[in-house]
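For reference, the structure is listed below as structure tokens.
Derivation of every value follows stated rules applied to the coordinates shown; laboratory data play no part. Keep in mind it's a predicted model, so treat the numbers as computed, not measured. With ideal geometry, Cβ positions are generated from the backbone for all residues, glycine too; neighbour counts draw on all protein chains shown.
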Amino acid sequence: SSTEAPRERIDYAKRGLCAWCSVPDNKKATPREAWQFGSDFGKLHGEFPGLADKNGSGWFHRHVHRVVDFVRENPERVSSSAQKKCAAIEKGFDRAWRDKVIQMQIPLFAPTTKGQWGLRFDSFLAQALELGPLRDEERSLPPELVEQLRALTPKGVPVEMVETMVSYYLANKPEDSDWVVLPVANFDAYFGTTSFGRKYLKQIPEIILERSETGFGLCRYRLGGTLAIQ
């Protein structure tokens, strides 16, 4: 029921994540013991028919293979680099994704957990509870702030990226801190280019924003004290 409190729906949300991430077992693989983590969640098809099919192929698994199929069938419409990457994906994606899905289920304090394993289902669920319901809001910046940003943004850096970062900051600043977590990988996806994280972010001066180094697709930042954000 949609009237349930979010914390009462954690198990449901986790099953949904498993269904979305599902990848069919290798036909030659040794059957797993009952206590071992798996990556084939075809059994969840009945509960999440749009996320996992009966064969254990989850939404993401199907999406990746559709991209590969498109590249293979339309070589004239993609770059040679994309063709090479898709050839590698076609050959090794399923195995790598199985490993990743299993890794994402390992508890935070398990002896086998490694420091670089920053992504796990429990982390996703905790972040969702902290962030609350999805928001769809339009936020307009004060004209004087927009004027400042356009004057301070270095030549070559898309000013719309800077304005988006400022809007995100103002929408997500906590009451007890000046710092906001910036999901760099998500912003790359939003802008449709990794140039944001690899190139432009480094060129934004501290007078606009201060930030920490990016690690595992995240950093934290705060706006410069001279900006007209009041």
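Observations on the model:
- The trypsin sites (Lys or Arg not before Pro) of the range 42-149 that DSSP puts in a loop, and whose beta carbon has at most 15 other beta carbons within 10 Å, are LYS54, LYS114, ARG135, ARG139.
- Helix 143-152 axis, angle to the chain major axis (alpha carbon atoms, nearest 10°): 80 degrees
- Acute angle (nearest 10 degrees) that the helix 159-172 long axis makes with the longest principal axis of the chain, alpha-carbon atoms: 80 degrees
- The simple Förster model, with R0 at 22 Å and r as the Cβ-Cβ distance, assigns GLN83 and THR193 a FRET efficiency of 0.65.
- Contact order for the range 124-218, expressed relative to its length and based on alpha carbon pairs under 8 Å spaced 6+ residues apart, stands at 29 percent.
- One Cα centroid belongs to the range 147-202, the other to the range 2-73; the line between them spans 33 Å.
- Cα-based helix-to-principal-axis angle, 59-73 vs the chain, degrees rounded to 10: 90 degrees
- Those lysines that a straight Cα-Cα span of less than 21 Å connects to LYS202, excepting residues fewer than 8 apart in one chain: LYS155
- The range 174-230: C-alpha gyration tensor shape, a/c 1.5 cut-off, then a/b vs b/c: prolate
- Whole-number percent relative contact order across the chain, with pairs defined as alpha carbons under 8 Å at least 6 apart: 14 percent
- Cut-off 15 Å between beta-carbons: net charge of the residues surrounding SER195, Lys and Arg +1, Asp and Glu -1: +1
- On full extension, the segment bounded by SER177 and GLN203 gains 6.9 nm, given 0.36 nm per residue less the C-alpha separation.
- Cα pair count fraction exceeding 26 Å, expressed as % - the range 1-141: 39 percent
- Net charge of the neighbourhood of ALA19, taken over other residues with C-beta under 14 Å away and scored Lys/Arg +1, Asp/Glu -1, is +1.
- Charge tally in the Cβ shell below 13 Å around LEU44, where Lys, Arg are +1 and Asp, Glu are -1, LEU44 excluded: 0
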